[in-house]
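What follows is a short report on a single structure.
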């Protein structure tokens, strides 16, 4: 990895003002595409999720998960922050994220709330946290 970083550093050129202006304009266009995609995905994901609960030969939620796959593909295609690679390598060690993403954190919180014997949580608090998890889990 160190060798890759050295080659990248050798090949990269500092952006000019015109490149910066272009990158700012392109980011605005990408943000517009991303926002429109998200606006479309909100109702489509609800419809696909509800349709996924109906009996089907393809299995539960097939349409919903196909929609998620299309959303992931569009996210890669938009490549919202791709211009950052003009200055920062794509494998920058400062960009390391925690091992757990939001989905993993929601799963752990669900397990915590389901384990009644191990943890002492009041019923009211458990109910409120359960409502919070349900709300988060339903968001597209």
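The values are calculated or read from the model by the stated rules, or taken from the named source; none is laboratory data. Keep in mind that this is a model prediction, so the values were computed, not measured. Because the Cβ atoms are built from the backbone with ideal geometry, glycine has one as well, and the counts that use them run over all protein chains shown.
Brief remarks follow.
- Any chance residue 46 is under 19 Å from the mean Cα position of the chain (by Cα), more than 30 Å from residue 15 (Cβ to Cβ), in a helix (DSSP H, G or I) and at pLDDT 95 or above: yes
- When the residues of region 17-48 are filtered to those that are in contact (Cβ under 8 Å) with a residue 24 or more places away in the chain and over 18 Å from residue 75 (Cβ atoms), the one that is surrounded by the most Cβ atoms within 10 Å (Cβ to Cβ) is 23.
- Which listed residue is at pLDDT 70 or above and not assigned by TED's automatic domain parsing to the domain that holds residue 25, from 66, 115, 124, 57: 115
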